[in-house]
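The block underneath contains the structure these notes are about, expressed in C-alpha cells.
Quick note: the coordinates plus some simple rules give every number you see, no bench work behind them. Predicted model only: the values in this text are computed from it and were never measured. When we count neighbours, we look across all protein chains shown, and the Cβ atoms used for this are built from the backbone with ideal geometry, even at glycine.
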Amino acid sequence: MSRCLSALLLASVLTAQMPVAPLAYHGLRLPGAFFAGNRAKLLAMAQAMGPGTLVVVKSMPTQPSSGDGERLYRQDSDFYYLTGVEEEHVVALLDGDKGTYTLLVQARDPKRETYTGQRLGVAGAKARGADDAVEFPAAEKVLGEALKQARRILLINNFDDDFRMKVLDAAYPRGAARWKSGYEKSLVDGRSILAEMRVIKQPCEVEMIQRAVDASIEGHLAAMRGSAAFTNEGQVAAALEGTVRSLGARFLSYETIAGAGSNGCVLHYPFNDQPILPGALILMDASGEIGYYTSDITRTWPAKGQFSPEQRALYDLVLKAQEAGIQELRPGNIHIASFMTAARIISDGLVDLGLIQGEKAEAFKRGDWNKFLPHGVSHYLGMDVHDAGSYGAPHPFHKHGGSRPLEAGMVLTMEPGIYIPKGIEGVEARWQGIGIRIEDVILVTPEGPRNLSARLPRKPEELERIVRDGARSRR
C-alpha cells in the first residue's frame, strides 16, 4: 500500500471515529508525499526537455465580492495538485537544472492576518516541502532572474491572465532582436502536460473521490426523504447543501441543480426557487467536494413518491441506457463507446413509446434522439467536475465523445437523460414537462467498471419508497 493511500486511510479511520456523525470529513487532505510525487514526475519531464527548463506555476487569483470583501477562496486545481498550498498570490518554481522547488509567497502581515488568517510565509512554505522560499516584494527579483536565465519556460497558469502576460513579456521582451519569431527563449503551455498526469487517478485520489461521493449520497438521501413535505425547489437544494457541508464539504462541486417539473429539462438550471407542483419529478444534479476532489451525481424522483405511467416509462428507459453505458466503461473501449450504446437504447425506446417515428435503425442513424438527449453522457471527474485530460481524436459518430481507449484508474461519469419540456412541438401533452437524468461516478478497473456511487438507489421503486418513508417519519 502506498504512503499516500495509507495516510489518507488513517485520516479517514480517525475521522470516522468521531461521534458527531457516521461520515465526517472536515479538513481532510491528501498527504505531502502525494504533492511531492507529482512535482518529481513533472520535474523529470521538464529535465528531459533539455537544459535551462523552468516550470512556473501560478496560484488562483482572488475574486472580489461585496465592495470590500473577497469570495471564498478555492485554489486552482493544477497548482494544488503540485503544491498542496491553498493560499493566494503564490508562485511555484521548479528548476530543471538544479532540481529544486521554490515557493514565492506573500509576506507575513499580522494586521492583515487578523482578517484572513495566518499566511504561510517562508517557514510555512518550507514546511510544505519547498526547498527554498522567498516573500514578496523580494520575490519579484527572484522571479525575474529565474525567467531571465531560463531558456525554456513551462508555464502552468489557468486563470491569472495578468501573470501570464508578465511571463510572456519576460520570455519574448518587446524590442528584443527578432522577438516575434526567433527570440532565444521558448514558452511552453504546460497545462496539457499536467492534464495528462491527472487523467489516471492514484489510489489515494480514488479514496478522496469516494469520500466526496459518500458525502454527496447523504445529501441526495436527505433531499429525497424531505421532498414530500417540500413546496419549493430551494428546500430541495438546501437539504443537500446543508448535509454535505455538515459532513465536511467546504465547497459544492458545482452549483446545485434542483429542477422540478419542466425545469428539470433545463440542463444547467440555475434558479432553484420555483414551486414544486403536484405530480412533478425533481431532477437533482448536485454534489459536494471533499479535500479538493469532486463528485457528480444526479437522481430524478417523484416529489410526492409516485411516478406517473409516462414518467415511469421514460425513467426505465434512461436507467436501462445508463446501466448499459456503465458496462462500456472498461479498459480498451474507446471513450465514445458508452455514448453510442446509451444513445441507441434511448433511440429505440423512444420509437417504442411513439415519441420517434419510423424504423429503429433509420431513426437512430438520422439522430432523431438528439432532440431528447442533447448532451454527452460521460466525462472525466477528479479535482474538477469536468476534469483535465484529452478524450482523443473526435469521433465521427458524435461530437460528445472521443477515440481515446479507456484505462484502469480513470474516473468518469455516466449520465444519460431524456428531456421533454412543456410546449415542445410534435409531442403529446402527457409526455411534456418531464426531465430525467441519472448520473453516477464510475472507476475504470482492470476487472471492469466500479460504480463508486452505487449505494445511492436508482431503481424507481426504491426511490418511491425513500420518499414515502421520509414522509411517514415526519408525521
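Express in nm, to one decimal, how much length is gained between R112 and S308 on full extension, taking 0.36 nm for each residue of separation and deducting their alpha carbon distance.
64.7 nm
Which one of V55, G367, G190 is farthest out on the positive end of the charge dipole of the chain, using unit charges on Cβ (Lys, Arg +1; Asp, Glu -1) and the Cα centre as origin?
V55
Any idea how far the Cα center of segment 401-443 sits from the one of segment 29-46, in Å?
Each part's Cα centre sits 36 Å from the other's.
Using a Förster distance of 30 Å, how high is the FRET efficiency between M49 and H375, based on the Cβ-Cβ distance and rounded to 0.05?
About 0.20, to the nearest 0.05.
For the chain, I need the span (max minus min coordinate) of the C-alpha atoms along each principal axis, in Å, sorted largest to smallest.
Taking the Cα atoms of the chain, the three principal extents are 70, 54, 48 Å.
Cut-off under 24 Å on the C-alpha distance; same-chain residues fewer than 8 positions from K185 excluded. Which lysines are left, in chain and number order?
By straight Cα distance, K185 reaches K41, K58, K98, K141, K148, K166.
What do you get for GluC sites (Glu not before Pro) in segment 317-377 restricted to DSSP loop and a cutoff of at most 14 other Cβ within 10 Å of the site's Cβ?
Within segment 317-377, the qualifying GluC sites (Glu not before Pro) (loop, at most 14 other Cβ atoms within 10 Å) are E359.
Taking 0.36 nm per residue of separation and subtracting the Cα-Cα distance, what length does fully extending D352 through R430 add?
Fully extending the segment from D352 to R430 adds 26.5 nm.
Taking the Cα centre of each part, how many Å lie between segment 340-359 and segment 100-138?
Here the answer is 59 Å between Cα centres.
Grab every C-alpha pair in segment 274-329, bin the distances at 5 angstrom width from 0 up to the longest one, and report whole percents.
Percent of Cα pairs in each bin: 4, 15, 18, 20, 17, 13, 8, 3, 0.
Do any GluC sites (Glu not before Pro) in segment 141-250 lie in a DSSP loop with no more than 15 other beta carbon atoms within 10 Å, and if so, which?
Sites meeting the loop and neighbour criteria: E184.
Using just the C-alpha positions of segment 414-475 as equal point scatterers, what log10 of I(q)/I(0) does the Debye formula give at each q in 0.28 1/Å?
Relative scattering, expressed as log10 I(q)/I(0), comes to -1.09.
To the nearest 0.05, what FRET efficiency results for S403 and K98 with a Förster distance of 41 Å applied to their C-beta separation?
So, using R0 = 41 Å, E works out to roughly 0.55.
Once you treat every alpha carbon in segment 31-197 as an equal point and sum by Debye, what is log10 I(q)/I(0) at q = 0.14 Å⁻¹?
-0.73
Okay, helix-only estimate at 222 nm for the chain: each DSSP H run of n ≥ 4 adds -39500 (n - 2.57), divide by all residues, round to 500 deg cm²/dmol; what do you get?
Taken over the chain, the calculation gives -12000 deg cm²/dmol.
Sum up the charges of everything whose Cβ sits under 14 Å from the Cβ of A239, counting Lys and Arg as +1 and Asp and Glu as -1, but leave A239 out.
With Lys, Arg at +1 and Asp, Glu at -1, the neighbours total +1.
If each of Q327 and F251 carries a label point 7 Å out from its Cα toward its Cβ, how far apart are those two points in nm?
Rounded to a tenth, the inter-label distance reads 3.7 nm.
Counting other Cβ atoms within 10 Å of each Cβ, which chymotrypsin sites (Phe, Trp or Tyr not before Pro) in segment 269-312 have at most 15 and sit in a DSSP loop?
Of the chymotrypsin sites (Phe, Trp or Tyr not before Pro), the ones in loops of segment 269-312 whose Cβ has at most 15 other Cβ atoms within 10 Å are F271.
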